[in-house]
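Since the structure comes first, as C-alpha coordinates, the remarks are kept for the end.
The values are calculated or read from the model by the stated rules, or taken from the named source; none is laboratory data. This is a predicted model, so every value here is computed, not measured. Cβ sites come from the backbone with ideal geometry, for glycine too, and all protein chains shown count toward neighbours.
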Amino acid sequence: MKLLFKQRMFSWFDSYDIYNEAGEVVYVVKGQLAWGHCLKIFDAWGGEIGMVKERVLTFLPSFELYVGDEYLGCIRKEFALFKPVYTIECNGWQVEGNFLEWDYEITGPDGEPKAAVSKQLLNWTDTYVIDVADPADALCALMLVLAIDAEKCSRN
(Lines give C-alpha, C1' and ligand atoms only; values in the text may rest on other atoms or scores of the structure.)
Protein backbone atom coordinates (compact mmCIF):
# COMPACT_ATOMS: atom_id res chain seq x y z
CA MET A 1 0.00 0.00 0.00
CA LYS A 2 1.44 3.37 -1.00
CA LEU A 3 0.49 6.63 0.67
CA LEU A 4 1.26 10.04 -0.82
CA PHE A 5 1.92 12.54 1.98
CA LYS A 6 1.43 16.15 0.78
CA GLN A 7 1.77 19.25 2.91
CA ARG A 8 -0.84 21.93 2.26
CA MET A 9 0.63 25.09 0.81
CA PHE A 10 -1.47 27.72 2.57
CA SER A 11 -2.20 26.93 6.22
CA TRP A 12 -1.37 28.59 9.53
CA PHE A 13 -0.44 25.31 11.18
CA ASP A 14 1.03 22.09 9.81
CA SER A 15 -1.64 20.52 7.61
CA TYR A 16 -1.29 17.51 5.35
CA ASP A 17 -3.46 15.45 3.05
CA ILE A 18 -2.61 11.76 2.74
CA TYR A 19 -3.73 10.02 -0.45
CA ASN A 20 -3.84 6.37 -1.49
CA GLU A 21 -2.63 5.03 -4.84
CA ALA A 22 -5.99 5.86 -6.45
CA GLY A 23 -5.63 9.53 -5.46
CA GLU A 24 -8.32 9.37 -2.76
CA VAL A 25 -7.84 11.13 0.57
CA VAL A 26 -7.45 8.50 3.31
CA TYR A 27 -6.15 10.73 6.14
CA VAL A 28 -6.14 14.44 6.89
CA VAL A 29 -3.63 15.83 9.38
CA LYS A 30 -4.26 19.15 11.10
CA GLY A 31 -1.83 20.97 13.33
CA GLN A 32 -3.22 22.37 16.58
CA LEU A 33 -2.19 25.42 18.57
CA ALA A 34 -0.12 24.01 21.43
CA TRP A 35 3.27 24.13 23.12
CA GLY A 36 5.34 22.08 20.71
CA HIS A 37 3.87 20.25 17.75
CA CYS A 38 0.42 18.68 18.09
CA LEU A 39 -0.82 16.94 14.97
CA LYS A 40 -4.28 15.39 14.92
CA ILE A 41 -5.04 12.71 12.36
CA PHE A 42 -8.53 12.33 10.89
CA ASP A 43 -9.94 9.63 8.64
CA ALA A 44 -11.51 10.48 5.25
CA TRP A 45 -14.90 11.10 6.92
CA GLY A 46 -13.55 13.58 9.50
CA GLY A 47 -13.36 11.28 12.54
CA GLU A 48 -10.31 11.81 14.75
CA ILE A 49 -8.28 8.59 14.85
CA GLY A 50 -4.83 9.54 16.13
CA MET A 51 -2.44 12.20 17.36
CA VAL A 52 1.28 12.97 17.40
CA LYS A 53 2.18 15.24 20.29
CA GLU A 54 5.60 16.68 21.08
CA ARG A 55 6.78 16.44 24.66
CA VAL A 56 7.93 19.86 25.81
CA LEU A 57 10.81 20.70 28.11
CA THR A 58 12.98 17.78 27.02
CA PHE A 59 16.67 18.00 26.10
CA LEU A 60 16.14 16.33 22.71
CA PRO A 61 12.85 16.18 20.76
CA SER A 62 10.42 13.46 21.76
CA PHE A 63 6.95 12.73 20.36
CA GLU A 64 4.11 10.69 21.86
CA LEU A 65 1.87 8.65 19.55
CA TYR A 66 -1.83 8.07 20.28
CA VAL A 67 -4.50 6.02 18.53
CA GLY A 68 -7.73 7.55 19.74
CA ASP A 69 -7.07 8.24 23.43
CA GLU A 70 -4.77 5.22 23.81
CA TYR A 71 -1.04 5.85 24.21
CA LEU A 72 0.77 3.78 21.58
CA GLY A 73 4.39 4.73 22.23
CA CYS A 74 6.94 7.41 21.48
CA ILE A 75 9.80 8.34 19.19
CA ARG A 76 12.86 10.23 20.45
CA LYS A 77 15.74 11.84 18.71
CA GLU A 78 19.07 10.70 20.15
CA PHE A 79 22.30 12.65 20.35
CA ALA A 80 24.47 11.94 17.29
CA LEU A 81 27.19 13.93 15.58
CA PHE A 82 26.76 13.39 11.87
CA LYS A 83 23.26 12.14 11.14
CA PRO A 84 19.96 11.97 13.02
CA VAL A 85 19.26 8.85 15.09
CA TYR A 86 15.82 7.98 16.47
CA THR A 87 14.69 5.55 19.14
CA ILE A 88 11.18 4.17 18.76
CA GLU A 89 9.26 2.74 21.70
CA CYS A 90 6.33 1.45 19.66
CA ASN A 91 5.68 -2.07 18.35
CA GLY A 92 9.41 -2.90 18.58
CA TRP A 93 9.96 -0.95 15.36
CA GLN A 94 13.22 0.69 14.27
CA VAL A 95 14.04 3.45 11.79
CA GLU A 96 17.14 3.29 9.62
CA GLY A 97 18.38 5.24 6.64
CA ASN A 98 19.34 8.67 5.43
CA PHE A 99 17.09 11.12 7.27
CA LEU A 100 18.82 14.18 5.79
CA GLU A 101 17.83 13.06 2.31
CA TRP A 102 14.44 11.73 3.48
CA ASP A 103 15.08 8.18 2.41
CA TYR A 104 14.60 5.69 5.22
CA GLU A 105 12.97 2.42 6.21
CA ILE A 106 10.88 1.38 9.19
CA THR A 107 11.48 -2.24 10.24
CA GLY A 108 9.87 -4.60 12.72
CA PRO A 109 11.53 -6.34 15.70
CA ASP A 110 13.00 -9.13 13.58
CA GLY A 111 14.09 -6.82 10.74
CA GLU A 112 11.12 -7.34 8.43
CA PRO A 113 10.24 -4.17 6.46
CA LYS A 114 7.18 -2.31 7.70
CA ALA A 115 7.42 0.84 5.54
CA ALA A 116 9.81 2.72 3.26
CA VAL A 117 9.75 6.51 3.07
CA SER A 118 11.13 8.68 0.28
CA LYS A 119 10.81 12.37 -0.48
CA GLN A 120 9.64 13.50 -3.90
CA LEU A 121 11.66 16.37 -5.23
CA LEU A 122 10.52 19.35 -7.31
CA ASN A 123 7.22 19.97 -5.52
CA TRP A 124 5.98 23.26 -4.05
CA THR A 125 5.42 21.67 -0.64
CA ASP A 126 6.89 18.70 1.23
CA THR A 127 5.72 15.54 -0.52
CA TYR A 128 6.64 12.02 0.58
CA VAL A 129 5.78 8.52 -0.54
CA ILE A 130 5.20 6.01 2.27
CA ASP A 131 5.25 2.44 0.97
CA VAL A 132 3.60 0.36 3.72
CA ALA A 133 4.01 -3.44 3.61
CA ASP A 134 0.80 -4.19 5.57
CA PRO A 135 -2.16 -1.75 5.31
CA ALA A 136 -2.92 -2.45 9.00
CA ASP A 137 0.37 -0.64 9.85
CA ALA A 138 -0.42 2.47 7.77
CA LEU A 139 -1.57 4.69 10.65
CA CYS A 140 1.41 3.86 12.86
CA ALA A 141 3.86 4.38 9.97
CA LEU A 142 2.19 7.71 9.17
CA MET A 143 2.55 8.84 12.80
CA LEU A 144 6.28 8.06 12.77
CA VAL A 145 6.77 10.01 9.53
CA LEU A 146 4.83 12.96 10.99
CA ALA A 147 7.02 12.95 14.11
CA ILE A 148 10.25 12.85 12.10
CA ASP A 149 8.97 15.63 9.82
CA ALA A 150 7.99 17.78 12.83
CA GLU A 151 11.41 17.26 14.40
CA LYS A 152 13.12 18.21 11.14
CA CYS A 153 10.96 21.35 10.82
CA SER A 154 11.85 22.37 14.39
CA ARG A 155 15.54 21.83 13.68
CA ASN A 156 15.42 24.02 10.55
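Numbers below:
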item	result
Selected residue (criterion: surrounded by the most Cβ atoms within 10 Å (Cβ to Cβ)) from residues of the stretch 22-44 that are of a type in the set (Phe, Trp, Tyr) and free of Cβ contacts under 8 Å to residues at least 24 places away in the same chain	Phe42
Cβ pairs under 9 Å, 6+ apart, first in the stretch 78-93 and surrounded by 13 or more Cβ atoms within 10 Å (Cβ to Cβ), second at pLDDT 90 or above and in a loop (DSSP other than H, G, I, E, B)	Asn91/Gly108; Asn91/Pro109; Trp93/Gly108; Trp93/Pro109
Number of the exception - Ile148 against (1) in a strand (DSSP E or B); (2) under 12 Å from the mean Cα position of the chain (by Cα); (3) at pLDDT below 95	(1)
All positions within the stretch 119-133 that are at pLDDT 80 or above, assigned to a loop (DSSP other than H, G, I, E, B) and either under 16 Å from Leu72 (Cβ atoms) or under 15 Å from the mean Cα position of the chain (by Cα) (or both)	none
Failed item, numbered, when Tyr104 is tested on (1) out of contact with any Leu (no Cβ under 9 Å at 6 or more places or on another chain); (2) part of a strand (DSSP E or B); (3) surrounded by fewer than 19 Cβ atoms within 10 Å (Cβ to Cβ); (4) not β-branched (Val, Ile, Thr)	(3)
Scope the stretch 78-90; condition in a loop (DSSP other than H, G, I, E, B) and under 14 Å from the mean Cα position of the chain (by Cα); matching residues	Cys90
Yes/no for Ala133 being among the aliphatic types (A, V, I, L, M) and either touching an Asp or Glu at 6+ places or on another chain (Cβ under 7 Å) or surrounded by 19 or more Cβ atoms within 10 Å (Cβ to Cβ) (or both)	no
